[in-house]
Every structure is written in structure tokens, then in C-alpha cells.
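Pasting a structure here, questions to come.
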Amino acid sequence: MKRYVLLIVVVLLGTLCRCAAQDILDRKFSINLKKISLEDALFTLMDEADINLTFSNDLIPTRVISINLKRQPLRTILSTLFRETNIGFQLVGDQIVLFKKPAPKRKRKFTISGFLEDAESGERLIGATIWDLTSGQGTITNAYGFFSLTLDEGKAEIQFNYLGYEPFKELYDLTKSYSAIIALERSLTLPEVEVVASDSTVREIRTGFSPIAIKASDIESMTSLGGEPDLARFTHLLPGVTTGTDGVGGLMVRGGSSGQNLILIDDVPVYDFGHGAGMFSVVNPLAISQATLIKGGFPARYSGRLSSVIDIRTREGNKQEFKARADLSLISGRLSLEGPIIKGKTSFFASGRVSYLNWFLSPLGKRAKAKNDLEGATLYDFYDFNLKLNHELGEKDHLFLSVYKGADKYEDESILEERLPTPIRSVWIKRDKTDEISWLWGNTTASLRWNHVFSNRLFANTTLTYSNLEVGYRYGSEDLLVHQVTDEEIRYFDFHRFASSIEDRGGRMDFDYMLSPKQNLHFGAKVVNHHFNPGVQILGGEQDPSSEVFNQAKQDAWEIAGYVEDEFRPVESLLLNIGLSFVNWRVEGRDYQSWQPRLSAYWNVGPHFGLKASYAQMSQFIHRLSRSSIGLPGDLWVGSTKDTPPQNSKQVTLGFEYETPDHLMVGVEGYYKDFTNILDYAEGATFLRNWEDNVTSGNGRAYGVEFFVEKDQGNLQGWISYTLSWADRQFDKINNGERFPFQFDRRHDFKIAIKQKLAGWLSFSANWQYSSGFATTVPIESYVVIVPDGVPGSRSGVVAQDFGQKNSFRMPDYHRLDMSLQAQHVTDRNVHVFGVGAYNVYDRRNPLYYRLDREFGFVNDELRLINSEFVQGWLLPFVPYLSYSIRF
């Protein structure tokens, strides 16, 4: 019995001791200390609170604190003092023992990596999104369909999304890393995809740094010229992109010239991007998998141009079965073939396009010449061809061979046969006059690429590249006069031949290192040998058939470049891309070195609102010198020399994006761009000497603001854009050194593009464009110059013209409406698509140029200029069309 009583007493005493100790931590105290060491603070607390703290002096870090707490429990006071330290506390009897907390156990991380591809064809999907619906972390596939997502150990529900495909979900138990090839099925209904993730992550993937992804389906769904879908004409509908009348002259982006755009086909630069002086791009739309347009916020991986990037990825070919497609339009016929060479492992894709404009131009040209008593014809056609071979060496290695070839040919021949009277009646002179003009120009590109996966987070691409542009021009005139009686002949010759080319050979390596879902590192380097042949001119004339040759100096240059860019998220709502590009250009024993910093930022302010900003320095070592305003193939591509430094630009952008509750995307972006060392032909240039003696160096400015509203869901989709912009130039040897408007300085640029699904098989599309007239130079007044006696025309003087300031005249505003209908019929084996539409529906005669027509007559027995006026020259009137496509 005594034992049980003793046990009860011991238990009661222990409980009382614990309660007493518990009372110490819960007892409330006040403490007010300023700028005191943590160790001294503990001793002060022990004295004022009459408590026992047991600790080692080595445990307490050296730090100064301030604390002011009134009537707070002791445990709160201690927790506040030990905040941001690894010190813990525990009650042991009537003492509080301080101890070092064990380091928290770090969660292990594992990586899910692999490729996303089309389930039917096996083609890789670029820019697809991959999300962990549990943590909200995500990533996108790179330009080769590769992805890598590193997550904490545990359960993960991954969703794979790509526009036009059914979403796919997969559960993973992350106790190890996974590598997989994910195949997505095409969606026939194109449902809206809802992604459950953090708002900031969703927005940054959707909008990024303002690159515009353009798929082949986007190009084909919009109204086109003559039923010819075209990448270049699609970009004309976007804000910040301008062009000449009806597309002539090429692309001008944010105040830059057509030669300042970097056009890439499978990583290879293309120098002449336009068929028909820029009216169509050189890439068959059937060959395009995806294109990306970048106007600002340039990643460091891109270098060599000042104004924009269009990165085109071509199709890889179906690995599972053979497919074919044939298209007919008013402009051309197109054909594509694809299929497996080794099923599931090796595939090919081939496409070709041939224009048949000659069917229309030849009879039209003959009728036009017949009105002037001429024979002959005017002919123009173009073609292009794409080939892609795709071979899977293994799970981690892939080979691609990509080839492009395209060319344009223009010919004009005029033949005149007439009889010239002589003073002797019934005796005449027979005249045979022939004029011939021929242009031939074309691009060739090739790339051999090797993709290799070093690990589940490191991806590499090695590429060998080749690019070539060749231009040839020939003009010949022969005038033969034969006397009817004496057979005496007089023959006059005039001929001109011109040839130029640029050829590049190079190699590059690019790496993508996915450090975490919040950080991706991109780096790489390239070496390119440029060979420039600016031109050989052969001239001859009069009665002497001999010729004179003018050779432009040939040039070789080596370009060595490297880059690094870090794309990371320091906080959940902020995405940064910080990069640096370096280029060394070696020519004629001189080295130009260029360091080009890049910065882009996107801040998700709220669930539906984001701010973006960027800064980019760019250098361009290749110059395009144009003799005309419409980008003819005779433009010279030349490299920087020891006396001609590279062009440079600095661009700053700032904007915001807002998504309305009904899913309208509203965006505003302002930009300012500064150009230095840009080249142009000086006034009075003669082309019978080296190009360096003809050019002048100057600078330019471009600034403006772009407004954009887009609806990309539902049966009615499209966008409205408006750009307010300014662009000018200044050269020492042009316009007396005074600043003048850039030719394509279009103040206002307004565009509407819509597409409406009327039924499952029927769709309608339309676009309307309005632009301020471009700047040009015309005579503003005429005056008479008195010449000495004895000179022809001395009695009345010589009429001279004053052209005033350069580009001081504005062409009339440009506007045009295009409309089309597409109907689709699906059978068991084939898909038929019928199109009907019209270009320039209300037949607006938009001027391409003005020419001065003069009317002469006799006044007082003297030939005088009676009247002169400018007559408008225009290009494309109302053009209806039919188109047809069949897919096998």
C-alpha cells in the first residue's frame, strides 16, 4: 500500500514540475532593446525575466538586433529573437536549453524529359506546353520538340498541351527521373484548353517577350492574293510591319529597311526573301511547320540584323504513312509528298511550287506591245523546292538534312519593224530594232543538323550551314538600218550585263540547359565564312561591238560569334531573360568586335494584367544597297570592310497586356530605335566604280506605339491593330546633310483581320488595311535656264526642275479590302478544299509610283513643251480568284 501512495506522490510532483515549467514559456513579459547584440539580449532577458537559459556561447551568432514587445509570452519573445537563425529552444526541468536545429531534409528532385510529337505523323511539336497540375510548374518544348521539367519528389500530374491537339495527362510517381516520347492526337473540334496553374506561369508562356508564333494553319486560313497563302503577306497584317504598295519592296519592321531582317530557314540565313519584288515570300507555305516573328526583345541567340527576325522551321515528314497534297491557285501550282523511308525511324518531306503567271502575262504583254506597233512578250515566273530528311539514330540522337532552292526569272522582248522615209520618194530605209531585258535571281540554302540529348536537362544542336544568292542581269539593244537601194547597213549596239553573288559556309552549336522550372540557360557559338562578289558589269555600245568590263572588288570575311542567355524567374510573378551576344568580324586584316547586351522582362502584375520591357543592342556587318525603291534583285549585298564599319542599333520597348473576362487580349507596346553607320548610295553615285566610292554613312531614328486587340477563341477569331510611328534618316551626302523622312515612314497603319467559322465545313475570312502614304521625291517646280547663243534651245532656254527636300512628297493613302470563302469536303480517302475570293474588292487604284508625262507642240515654228503632269502608275486592281486543294 505504501508503494502505491509513494508512486502517486511522485507522479503528482512530476506533473507540478511540468506545469511550472510550462508556465515559464507561457508567462508574459515586456522587452524593449535597441541595437544590442543577440548574446547581450539573452543575458538581459535572463535578468529581467528571472529565467534560466542554458546555451553555449559558440551557438549564438554575432548579430545586432532591436526588439520591442509588450506583454508577450516568453515563447513568442524567444521565437522573435531567434528568427532567421538555426537556434531552437526546449524546456528541460526548470531550464530552457538552446540548441542548434538540425538542417532540414532537402527534398530530392527528379526530371521528366523527352519529346512531344504528332501521334499520326511523328513530327516534333514546337512550343507545346507541359504543366504539373499539382505544383503549377511548367515549361515549353524547344525548337526541336524537346522538353525538360524538374520537380520535387512525390506525386505529379503532368498535362501536355498543343493548340489543335487533344490535351494529354499522365501521372508520375517521382522517385526517379523519366524520359519519354509523348504523342498527341489531333483534335477535330479544337476545344478550349483550361490549364490549372499559377496565373503568372500561364501568362508568361502565352505571351513571353512578344515573339509571334505563326503556324501554317494560320497562314492558310487568311485571305490571300490570287488564292496563294503566303507567310510574308500574313506578316503584313501585324502591327509594326509595313511594306510597299501591294507588298512590293519587302518587309519593313519598326522603321527598319528590308535588308535589316534576319530570315532563317532551318537555321540558315536567306538573303532575298521575296518572289516578285517582295509580293510573295520565297517559302512554299506547304513546307512550313512554324514561323516566329520577333520585332523587339531579341534573345541573344539571334544576331546579325537590326530590325527583326523571322525564324522558319520546315516540316519533317510523316514517319508512319505516305501523304500527298496538291494545290492550285491563280498564281501557282503546289505539290507536297511525305512519308517513311524506314517506318517510325526515317522520313522525308518534299514540296515544290511553280508559278504559271506567264499564261496571263504573255498575252497581256503582246496586246500592250501591239498597241505601239511592237512585237514581243513580257514573261515572269518563279519556282521553289524544299526537301527535308529526318533520321532517328537512337533515343538521344537525331539527324536532319534540309535543302531549299528557289529562283525568279523576268524577260521582256520588244521588236520594232518600220520603214523610214527618205528625201527620194518611193525609197525608204528599213529599220529593225530589238530590245531584250532579262533578270535571273535565286537562293540556295542547306543545313545538316544533329540533335543530341546529353542528359535529361542538357540538349545540344550542331548545324552545318550553306547559303547562296546569285543575281544576273542582261540588257541588249540592236538597231539595224538598211537602205532599200544600196543595201548599206548601219548597226547600233547597246548592251549591259551584270552579275553578283554572296555565299556563306558555316557551322554552329547551340545548347539548352534546363536548370529548373524557374531557370533555363541557353548558350552557343558559330563560325561563318562570307564570300561577297558585289558585281561584274560589262558595257558596250554605239557602233563598236567591243565591251568594257567593270569589276567590283571581291571580298572574304570571317564571322565568329557566341552568346549566352539566362531565362529565369527570381520571383513567381517576374520572368527575366538576360543575355549577351559577341561577334568578331575579320576582314582585310581588320577585326571589328561587337558586344551586344540584351534584356527582356515580363512582370505579371495581376491575374490578367502584365507589363513587359526590353532593351537590345544589335550589330549588322552585312549591308544591302538598293538602286531602286522597290527592292529589285539588282540590290547589292556587301560586307563591312576595313573602311566601312558595321551598322548598329539600340532598341527599347515598353508595353502592357490585359486579358478581358471574355478572353480578348489587349496589348499596347511602345518602342524607340536608334540606328548608326547605316549605308546608302550618295546623290550623284555612278555605278561604274567600286561600291565603296558610291556610298555615304548616316544614322536614323524610329519610334512609335502599337495597339493590338485579339480574339483567338470561338467561331469568330481575328485581331485589330493600329500603329502610330515615325522614322527618318540623315546622311552627309544626301539632302544636303539634313534629316529627311524614311521612305516607308507611314504615320498611321490600321489593320483588321477576321475569320468566321460559318459551319463545320465552311469558313469566311476578310482583312482590311489602311496606311498613310509613303514618302517619295517629285519635282515641285520648273524654271527656265538661259543658255548661251548657238546652243540648241537657246532662244527659249532649258527647262530645269527643282525636286526640293528628299522624300517631302506623300503618296496618297493606301487602303484595300480582301475577302474569301473556303469550303471543305471530306471523303474516306481525301480532303478537298475549295476557295473563292477577291483581292482589292472595291478596286482601289493604289499608286506604286508617279511618272511625268510631257506634251510637246510647235509654237511660232518652234518645238515647245506645252504641258506636263504626273500620271499615277498602279499595280493590282480588283483580282478575283478560285483555288483548290486536295490531300491524299
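The values are calculated or read from the model by the stated rules, or taken from the named source; none is laboratory data. Computed from a prediction, not measured in an experiment: that's the story for all the values here. Positions of Cβ are generated from backbone atoms using ideal geometry, with glycine treated the same way; all protein chains shown enter the neighbour counts. Accessible surface areas use protein heavy atoms only, side chains included; no ligands, DNA or RNA. Shrake-Rupley method; radii C 1.70, N 1.55, O 1.52, S 1.80 Å.
From the list A300, A277, pick out the single residue that is part of a loop (DSSP other than H, G, I, E, B), surrounded by fewer than 24 Cβ atoms within 10 Å (Cβ to Cβ) and in contact (Cβ under 8 Å) with a residue 40 or more places away in the chain. Working first, answer last.
On the way: A300 fails: surrounded by fewer than 24 Cβ atoms within 10 Å (Cβ to Cβ).
Exactly one of A300, A277 is part of a loop (DSSP other than H, G, I, E, B), surrounded by fewer than 24 Cβ atoms within 10 Å (Cβ to Cβ) and in contact (Cβ under 8 Å) with a residue 40 or more places away in the chain, namely A277.
Hey, D26 hits all of (1) of a type in the set (D, E, K, R); (2) in contact with a helix residue (DSSP H, G or I) (Cβ under 9 Å, 6 or more places away or on another chain); (3) modelled with pLDDT of 85 or more but one; which does it fall short on?
Here D26 clears every test but (3).
If I ask for residues that are touching a residue at least 40 places away in the same chain (Cβ under 8 Å), open to solvent by 30 Å² or more (accessible area, probe 1.4 Å) and part of a strand (DSSP E or B), which ones from region 149-163 would you list?
Result: D152, single match.
Name every residue in region 224-261 that is part of a helix (DSSP H, G or I) and of a type in the set (S, T, N, Q), in order of residue number.
T235, T245, S258, Q260
Applying the selection to region 58-95, what residues are over 19 Å from N32 (Cα atoms) and in contact with a helix residue (DSSP H, G or I) (Cβ under 7 Å, 6 or more places away or on another chain)?
Let us first name the residues in region 58-95 that are over 19 Å from N32 (Cα atoms), namely 58-62, 84-95.
Scanning region 58-95 gives I60, P61, I87, F89, L91, G93, D94.
Report every pair of residues separated by at least 6 positions or lying on different chains whose Cβ atoms are under 6 Å apart, first residue within region 51-79 and under 15 Å from K28 (Cα atoms), second among the acidic types (D, E) and loosely packed, with under 15 Cβ neighbours inside 10 Å.
If the second residue must be among the acidic types (D, E) and loosely packed, with under 15 Cβ neighbours inside 10 Å, the pairs left are P73/D26.
Additional query: Is it the case that some residue within region 560-569 is at pLDDT 90 or above and closer than 20 Å to V638 by Cα?
Yes, region 560-569 has at least one match.
Moving to a separate point now. I need the full set of residues from region 672-729 which are over 30 Å from Q756 (Cβ atoms), in contact (Cβ under 8 Å) with a residue 12 or more places away in the chain, in contact with an Asp or Glu (Cβ under 9 Å, 6 or more places away or on another chain) and among the hydrophobic types (A, V, I, L, M, F, W, C), in order please.
Those that are over 30 Å from Q756 (Cβ atoms), in contact (Cβ under 8 Å) with a residue 12 or more places away in the chain, in contact with an Asp or Glu (Cβ under 9 Å, 6 or more places away or on another chain) and among the hydrophobic types (A, V, I, L, M, F, W, C): A682, L688, V695, A702, W726, A727.
Determine, yes or no, whether R27 is basic (K, R), open to solvent by 40 Å² or more (accessible area, probe 1.4 Å) and free of Cβ contacts under 8 Å to residues at least 24 places away in the same chain.
So R27 fails the test.
Please state which of the following conditions R334 fails to meet, knowing it meets all the rest: (1) without any contact (Cβ under 8 Å) to a residue 60 or more places away in the chain; (2) more than 30 Å from E185 (Cβ to Cβ).
The failed condition is (2).
For region 607-630, name all the residues that are open to solvent by less than 10 Å² (accessible area, probe 1.4 Å), small (G, A, S) and out of contact with any helix residue (DSSP H, G or I) (no Cβ under 6 Å at 6 or more places or on another chain).
Those that are open to solvent by less than 10 Å² (accessible area, probe 1.4 Å), small (G, A, S) and out of contact with any helix residue (DSSP H, G or I) (no Cβ under 6 Å at 6 or more places or on another chain): A616, S619.
Among the listed residues A119, A103, which satisfies the condition of being surrounded by 14 or more Cβ atoms within 10 Å (Cβ to Cβ) and within 30 Å of P517 (Cβ to Cβ)?
Exactly one of A119, A103 is surrounded by 14 or more Cβ atoms within 10 Å (Cβ to Cβ) and within 30 Å of P517 (Cβ to Cβ), namely A119.
For Q822, are the conditions met, namely being surrounded by 14 or more Cβ atoms within 10 Å (Cβ to Cβ) and modelled with pLDDT under 90?
no
Go through region 572-606 residue by residue and tally those that are open to solvent by 50 Å² or more (accessible area, probe 1.4 Å) and either among the hydroxyl-bearing types (S, T, Y) or in contact with a helix residue (DSSP H, G or I) (Cβ under 8 Å, 6 or more places away or on another chain) (or both).
Total meeting the criteria: 1.
Tell me which of these K176 doesn't satisfy, since it passes every other one: (1) within 30 Å of L399 (Cβ to Cβ); (2) of a type outside the set (V, I, T); (3) outside any loop (DSSP other than H, G, I, E, B); (4) open to solvent by 10 Å² or more (accessible area, probe 1.4 Å).
Going through the list (1) within 30 Å of L399 (Cβ to Cβ); (2) of a type outside the set (V, I, T); (3) outside any loop (DSSP other than H, G, I, E, B); (4) open to solvent by 10 Å² or more (accessible area, probe 1.4 Å), K176 breaks only (3).
Something else: Test A350 against the criterion of being surrounded by fewer than 16 Cβ atoms within 10 Å (Cβ to Cβ) and assigned to a strand (DSSP E or B), and give yes or no.
no
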